Amino acid sequence: MIIESLLDTDLYKFSMMQVVLHHYPAAQVEYRFKCRTPGIDLVPCIDEIRTELDALCSLRFRTEELDYLRSMRFIKSDFVDFLGLFQLNAKYVTLVPAASGNGEIEVRIKGPWLHTILFEVPLLAIINEVYFRRACPRPDLAEGRRRLQAKIALLRDTAGYADCRIADYGSRRRFSRIWHGEVLATLHAGLGAQLAGTSNVYYAWKLGLTPLGTLAHEYLQAHQALGPRLRDSQVAALETWAREYRGDLGIALSDVYGLDAFLRDFDLYFCKLFDGARHDSGDPFDWGERLLAHYRANRVDPRSKVLVFSDGLDIPRVMQLYEHFRGRCQLAFGVGTNLTNDTGPEPLNIVIKMVRCNGQPVAKLSDSPGKDMCDDPAYLAYLRQVFEIPPR
C-alpha cells in the first residue's frame, strides 16, 4: 500500500480545503492528469494504480492525526471535525487508457471540490511510484544516497550560506514513499536548521518538522468561475484568503495569469496585507527583481517581505538565487523532484490540474511555455484578452 495516511499530502491541500468548506462547499470541479514527459507508457500501470486508488479511498483520519491538525493555529475546529467524517471516494475518479493509444492514460477527477481536493497529491505519488516499480525494479539507492549527501555538503559546507534554508516540496513526484521518508530524515540530520521544513504534513508530523504551504494554482483558477466577474477573480481569491486566515499563510501565488497581471492586481493593500509571494514559472531572477521594484514603488520595504522560489530548483540554483537576492528581502526555497526523485532514472514530469469549476472552463496562463493547461482554446483566448496577456 503506497499511501498509508491521509496526512501524506501537502499542507496547501488542507489550507485550501478549509476555505472551500467555509466559502464554496457546493462548488463542483474537474481535474485532469497530464504527463509532460514524452514517450512514457503508463497503460500497463493502470490496474495497479486502480488497486492503490481503492486502498487510498479506504483510509480515514486517525484521532492522533486530527489532533496534530488541530494543533495548527490556522486550522479551525469545525474543519477538523469535518475531516473526522471524511473519506475519499473512487467514484469521482476515471482512469482509462487515452484515446490516442500511445501509452498515455486519461485520469479525470470530477465531483464536489470539497470531496475531490485531496486526490491530487496522493494520486500523483501513486502513479509515480507504480511507474518506477516497473521501470526500475532494482533501484540504485546507494547512488541516490551519494547524490543526496553531495547536495547536503554543498549547501552546508560552502562558506557564506549558513543562513540559506531549503524546504522539501517533493511529495507529488517522489521516487517512492519510503525513499521520501529517508530523504527527509537524512536532510534533517545533515542540514539541521538549514532545513526549513516540508510541505508534506505526514512527515512534518513524524519527524518534528515545520509543515509549509499556503495555496496552489487551483484556488485562483476556481475563482474564474466563483468570483464576481472574471477580471476581478484574482483579487476576489486573495480577498477571500485574507478573510479566512487573518494574517496567517500570507504568501500569494503570482503566476496564474502571469506576472504582469499579478502586479496590476497586487496593489498597495495586498503588498501590505500579504507576507510575500511565490515564484513558480518564468525566469526567477527577473521575477524577483520586478517584485522588489513593485514593493519599492508601493513604498513597502522589500526587506520586510518574503520571496519564495519553487520552480524546478536544485541546490546550485538555490545558491545562485540566494547570492543574488540576499540582504534585499527575506528568502525561502522549495526544492521538490531534485531531492525526492534523484536516484538515477529520469523523473516523470506529471501534473493534475483543475480544468473546470461549476461547469465553466478555468485555466492557468503561466510565464513558462508548456505549463498552460486548458481544454477550451476559445476560453484561453478570452482569458488572455481579459487580463491583457499577449499570445506567445
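The values are calculated or read from the model by the stated rules, or taken from the named source; none is laboratory data. Treat the numbers as computed from the prediction; the structure is a model and nothing was measured. Reconstructed Cβ throughout: ideal geometry from the backbone, glycine too, with neighbour counts over all protein chains shown.
Residue-by-condition table, conditions (1) closer than 26 Å to Gly247 by Cα; (2) part of a loop (DSSP other than H, G, I, E, B); (3) touching a Pro at 6+ places or on another chain (Cβ under 7 Å); (4) assigned by TED's automatic domain parsing to the domain that holds Leu212:
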residue	(1), (2), (3), (4)
Gln18	yes, no, no, no
Pro25	yes, yes, no, no
Glu48	no, no, no, no
Ala55	no, no, no, no
Leu59	no, yes, no, no
Leu69	yes, no, no, no
Met72	yes, yes, no, no
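For the condition under 24 Å from Asp311 (Cβ atoms) and either crowded, with 19+ Cβ neighbours inside 10 Å or in contact with a Cys (Cβ under 6 Å, 6 or more places away or on another chain) (or both), Leu259 qualifies.
Candidates Lys206, Lys110: the one that is surrounded by fewer than 17 Cβ atoms within 10 Å (Cβ to Cβ), of a type in the set (D, E, K, R) and not assigned by TED's automatic domain parsing to the domain that holds Phe325 is Lys110. Checked against (1) more than 27 Å from Trp179 (Cα to Cα); (2) in contact with a Lys or Arg (Cβ under 7 Å, 6 or more places away or on another chain); (3) part of a strand (DSSP E or B), Val96 passes all but a single condition, namely (2). When Ile40, Ile75 are checked against the criterion of being under 20 Å from the mean Cα position of the chain (by Cα), surrounded by 15 or more Cβ atoms within 10 Å (Cβ to Cβ), aliphatic (A, V, I, L, M) and more than 17 Å from Val121 (Cα to Cα), a single residue qualifies: Ile75. The requirement of being more than 23 Å from Ala261 (Cβ to Cβ), at pLDDT 95 or above and assigned to a helix (DSSP H, G or I) is fulfilled somewhere in the stretch 340-353, by at least one residue. Scanning the stretch 292-326 for residues that are more than 25 Å from the chain's Cα centre (by Cα), assigned to a loop (DSSP other than H, G, I, E, B) and touching a residue at least 12 places away in the same chain (Cβ under 8 Å) yields Asn298, Arg299, Val300.
The combined condition, being in a helix (DSSP H, G or I), under 26 Å from Glu4 (Cβ atoms) and among the acidic types (Asp, Glu), is not fulfilled by Glu143.
Filtered by the rule that a residue be at positive phi and out of contact with any strand residue (DSSP E or B) (no Cβ under 7 Å at 6 or more places or on another chain), the stretch 159-211 gives Gly160, Gly192, Gly208. For the stretch 274-286, filtered to residues that are out of contact with any Leu (no Cβ under 8 Å at 6 or more places or on another chain) and not polar (S, T, N, Q), the residue that is farthest from Leu383 (Cα to Cα) is Asp275.
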